[in-house]
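Throughout, read-outs are computed from the coordinates displayed, never taken from laboratory work. Note that the structure is a prediction, hence the values are computed from the model and not measured. Every residue, glycine among them, receives a Cβ derived from its backbone with ideal geometry; neighbour counts consider all protein chains shown.
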Amino acid sequence: MRKGAKVAVVSTACAVLLGGAGYGAYNVLSAIGGDGIALAAADPDDPLDAEDVREASSAFFDAWEKGDGYAAAAATNDEAAAGALLNGLSEQASVGDVRITPQKAKGTTVPYSVRATVSLDGRSERLAYDTELTVVRGRTTGKPLVDWGPTVVHPELKEGDTLVTGPSDVPAIETVDRDGKVLTAEEYPSLGPVVDQLRERYGSSAGGSPSVELVIRHAGQNAPDTPLLTLAEGKAGTVRTTISAAAQKAAEEAVNQYPESSVVALKPSTGEVLAVANHRSDGFDAAFQGRLAPGSTMKIVTAAMLIEEGVTHEGGPAPCTEDAVWQGQTFRNVTGLVPNENATLADSFARSCNTAFIKLIDEVEDDTLTRVAQERFGLGRDDWKTGIVSFDGSVPPSGGPDRAANAIGQGQVQLSPLDVASVTATAKTGAFKQPYLVSPELDDRRLATARGLAPDVAAQLRRMMHLTATQGSGRDAMRGLGPDIGAKTGSAEVDGQELPNSWFTGYRGDVAAAAVAQQGGRGGEAAGPIVAAVLRAGG
């Protein structure tokens, strides 16, 4: 009898009637289907032994190798989902001749290699990859089963994805930088998702011809296919981007020093994106699509509002107190910041004093920050057309404590590094230039516009950012970058995080950059070095 099974006598009369019948009685009982005896399932919480793991994984592997998707699915704990994907391997993906080589199990996890052939219309290519599965007990039967997930079939599959083989929907592309240098995902890993999007959007008009490929077809709307194997080469078209290979390389290297970090660099004079890099466990393009509280980098926009509205100016009062109360909520500064009741706006900006900005917010209306963000900096209107998917920020009108919190980049404000880099670019030149990765001339798209800043407002912002970079909270990160520099630090508190998100933005000449490192601490500690490295590389 299998480990964990129990014999339950459910009828005393039956037990007496058959008592002493021995082996024959066991066979009778088994044959009558449990009228007298019920075989209870193993407890789902019973531990699994090596034999359980071997039997469950072997049953799955054997059925998969035979091409029996239904039997393989029955060896998992989600037969419906597993069956749909496994049967699609031969029907949609043309995958056959599967050979699986299990490695030594690590507890209940079994690593294995998959070798298969993908064949379509007389063309064949070998497919090889490594993945793993885990064995668990079924929650109702207690039977050892493969814990189903798409990565059991291929490590790059996510929920809802399918594998498909056929002519590509769009031809392959060769992505090049602003000077014609080829940009590959192998050399610049952060550009992999970017290239996929560029191919989806511009491949059909880039002069190429389709190839025959095995691809991952993603469940998400507008998500481009991810090619895995090419059976027949098409002709690649060429898509020129605004990327600078030198800046991109510096960005890739910089974000790799800090987990969960992203950076964007662009040219303030044109809006051209010079670099976009991410180092994240989830592969998400937070550089362009992130929706995060930007912390004190938002004070660039808030300072512009205060100056424009006549509340104060760079040399005007902005007292930095120990705390500030706004509509019942108390706001404080970062630990270690010494209060200064006689501080000017430039002083409080350079040292990133929260309370100075909170105390001045009473002089404006609930929607004033929103209006300035939209009209002057082009934020929050959902009209940027960068060439790939991007988020152009959200600065909603807010009452109550959120009005004050928004002013220091908390509350309801959400921005991406792309947005913050654009804010810095607007402060640098006084003119809003919508960021873009692909020239609008390629597809005649219309770029967003905004009024930009009055010359005097822009000049004051530049001087305050220069002070921050040379004498304030950004000086350590910006040291040695030359005379034409400016910066703003930020740290954004997030519920449940031990450390705040580290933000930093700055400019050097005609390059502006912004970075975030989630749970990176203060702005100069993680995001600052990332931005400085990209600015040092130039455009």
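Applying both filters, DSSP loop and at most 14 other Cβ atoms within 10 Å, to the trypsin sites (Lys or Arg not before Pro) of segment 50-141 gives Lys66, Lys104, Arg139. The equivalent ellipsoid that matches the C-alpha gyration tensor of segment 131-201 spans semi-axes of 39, 14, 9 angstrom, in descending order. Ellipticity at 222 nm from helices only: DSSP H runs of n ≥ 4 in the chain, each -39500 (n - 2.57), divided by the residue count, give -8500 deg cm²/dmol.
A Cα-only calculation for segment 173-245 places Rg and Dmax at 12.2, 35 Å.
Evaluating 6.51 cos²θ - 1.76 cosθ + 1.60 at θ = phi - 60° for every residue in segment 518-531, the Karplus couplings come out as 5, 6, x, x, 5, x, x, 7, 10, 5, x, x, 5, 4 Hz, glycine and proline recorded as x. Going by a ≥ b ≥ c, the root eigenvalues of the Cα gyration tensor, does segment 363-435 fall in the rounded group (a/c under 1.5), the prolate group (a/b larger than b/c) or the oblate group? Prolate shape, in that a/c is at least 1.5 and a/b is the bigger ratio. Using mean projected area of the Cα convex hull in nm² as the read-out, say which of (i) 27.1; (ii) 25.0; (iii) 32.9 was calculated from these coordinates. It is the value labelled (iii). With semi-axes defined as the square roots of five times the eigenvalues of the C-alpha gyration tensor, the equivalent ellipsoid of segment 462-539 measures 22, 12, 9 Å, largest first.
Would you mind classifying segment 104-261 by shape? Square roots of the alpha carbon gyration tensor eigenvalues, ordered a ≥ b ≥ c; an a/c under 1.5 is rounded, otherwise it is prolate if a/b is larger than b/c and oblate if not. Taking the square roots of the gyration eigenvalues as a ≥ b ≥ c, segment 104-261 is oblate. Separation of the alpha carbons by more than 24 angstrom is noted, of Lys66/Lys143; Lys158/Lys181; Lys385/Lys488, for Lys158/Lys181; Lys385/Lys488. Take every pair of alpha-carbon atoms less than 8 Å apart whose residues are at least six positions apart; their mean separation over the length of segment 50-167 yields a relative contact order of 24 percent.
Where a ≥ b ≥ c are the square roots of the eigenvalues of the C-alpha gyration tensor, would you call segment 229-291 rounded, which needs a/c under 1.5, or, failing that, prolate if a/b is larger than b/c, or oblate? Because a/c hits 1.5 or more and a/b fails to exceed b/c, segment 229-291 counts as oblate. Less than 5 angstrom separates the built amide H of Leu228 from those of Leu214, Val215, Ile216, all sequence-distant by 5 or more or on a different chain.
As a rough footprinting exposure proxy, the listed residues Leu499, Leu292, Leu266 were ranked by other beta carbons within 10 Å of their own, and the order from fewest upward is Leu499, Leu292, Leu266.
Under the convention that each Lys and Arg Cβ holds +1 and each Asp and Glu Cβ holds -1, the size of the dipole of the chain around its Cα centre is about 880 debye. Arranged from fewest to most other beta-carbon atoms within 10 Å of their beta carbon, Lys488, Lys433 become Lys433, Lys488. Gyration tensor over the Cα atoms of segment 328-465: the corresponding equivalent ellipsoid has semi-axes (square roots of 5 times the eigenvalues, largest first) of 30, 17, 13 Å.
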